[in-house]
Protein chains: 2
Amino acid sequence: MALRLTGRLARRRGAVGDRCPIDRTLQIVGSRSAFLLLREAFYGATRFDDLVRLTGFTEAVAAKRLKELVDHGLLERRPYRQPGQRTRHEYVLTERGHDLLPALLALAQWGRTHSPHKGGPTLLHDGCEAEVRVVMQCDAGHRVVEDELVLTS
Amino acid sequence: MALRLTGRLARRRGAVGDRCPIDRTLQIVGSRSAFLLLREAFYGATRFDDLVRLTGFTEAVAAKRLKELVDHGLLERRPYRQPGQRTRHEYVLTERGHDLLPALLALAQWGRTHSPHKGGPTLLHDGCEAEVRVVMQCDAGHRVVEDELVLTS
DNA sequence: GGCCTGGCTATGCTATCCGCAAGTCAGCGA
DNA sequence: TCGCTGACTTGCGGATAGCATAGCCAGGCC
């Protein structure tokens, strides 16, 4: 066993349904298009046509997904104006959106080392140039490994 | 801009396709059922009927997804025998599977604080009892925030 | 030899994801 | 006023995800 369960979780006999935060997250951003649009948002893209071009999705898919992400508060749609152009809208990450970065990073980390085609871009720490990873850490500052995890319900 | 891009990535004009490790990961475990089956595997479930009951998926969905996860090397299907019972198979996490824990944790972390129904189980560090989170850290040991990330292609 | 149980497999259905192609609509520039 | 361009919207169709129900099969028990 990898992870110790306590409380209700240890005794449960059926599905947890909406009490699982993983499931709740997946119901909001669980599609490939949502993740990849957010990836481009982190890369700095804000305009509709950039997001379409850089993700490779069709406009229809991008429009629908962007609307959902705005509705769920991960992106904000706000007007902007370039000189000599008419008013347009840009999509920018909200705090809620920014908070998903560790998840994207964790997925990227797995894919770089474990997916069939290995490799891909690497994240470095600006200045110190060391590679950046997501790690599990407790609020007391200890690095935590799987066996030391206790899940309380 | 949230994150600094360098090299090919900064200059690209189209989709990245198979060079994106996030996308490659999602093509393997991108479905809700895959994530939730892995969740139960981390919780310690190994038997087919337990995995079915605890995730709430149908047997057909679970069987199909488990087969994929085994094919991709995240789970290992191995025979076991309880006394007086016939030989059965259990599904246990491989190293590849275990390495996905930070991603699951990051998704859970987001869901606990940002999804509509807040709350859910909490992860603690065994012994010290402090809450466990995923954080971004560089190999030199620095805690890294979004603005300090550089992506090299 | 027949029943039961765990672990699947098969069939049929709906909903969602995605691509392709075409249409809409607002406003600037000519 | 006419066209163009960016930002969508609409319609169609295939693929995948998921549910429900039912059936199959191996092996231990009676």
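Assorted remarks:
- Looking across the stretch A:14-57 at every residue that is more than 7 Å from chain B (Cβ to nearest Cβ) and of a type in the set (D, E, K, R), the one that is surrounded by the fewest Cβ atoms within 10 Å (Cβ to Cβ) is identified as A:Asp49.
- As for the stretch A:66-86, it holds no residue that is buried (at least 19 other Cβ atoms within 10 Å of the Cβ), within 7 Å of chain B (Cβ to nearest Cβ) and either touching a residue at least 40 places away in the same chain (Cβ under 8 Å) or in contact with a His (Cβ under 6 Å, 6 or more places away or on another chain) (or both).
- Selection of helices (runs of 4 or more DSSP H) fully inside the stretch B:1-106 by the criterion of at least 2 residues being acidic (Asp, Glu) and within 14 Å of DNA strand C (Cβ to nearest atom) returns B:48-55, B:59-71.
- Filter result (among the acidic types (Asp, Glu) and either more than 17 Å from B:Arg11 (Cβ to Cβ) or out of contact with any Leu (no Cβ under 9 Å at 6 or more places or on another chain) (or both)) within the stretch A:34-57: A:Asp49, A:Asp50
- Residue pairs whose Cβ atoms lie under 6 Å apart, sitting 6 or more positions apart in sequence or on different chains, and linking a residue in the stretch B:36-65 that is among the small types (Gly, Ala, Ser) to a partner that is within 9 Å of DNA strand C (Cβ to nearest atom), are B:Ala45/B:Leu51; B:Ala62/B:Leu51; B:Ala62/B:Val52.
- Some residue of the stretch B:131-151 being within 7 Å of chain A (Cβ to nearest Cβ), part of a strand (DSSP E or B) and of a type in the set (Asp, Glu): yes
- Of the residues making up the stretch B:52-74, those that are within 12 Å of DNA strand D (Cβ to nearest atom) and of a type in the set (A, V, I, L, M, F, W, C) are B:Val52, B:Phe57, B:Ala60, B:Val61, B:Ala62, B:Ala63, B:Leu66, B:Leu69.
- Within the stretch B:94-143, the set of residues being in contact with a strand residue (DSSP E or B) (Cβ under 7 Å, 6 or more places away or on another chain) and acidic (Asp, Glu) comprises B:Asp126, B:Glu131, B:Asp139.
- Checked against the criteria, A:Glu90 counts as touching a strand residue (DSSP E or B) at 6+ places or on another chain (Cβ under 7 Å) and of a type in the set (Asp, Glu).
Since every read-out is calculated from the coordinates, none of them should be taken as a lab result. What you are looking at is a predicted structure, and each value in this text was computed from that prediction instead of being measured. Note that each Cβ is placed from the backbone with ideal geometry, even for glycine, and that neighbours are counted across all protein chains shown.
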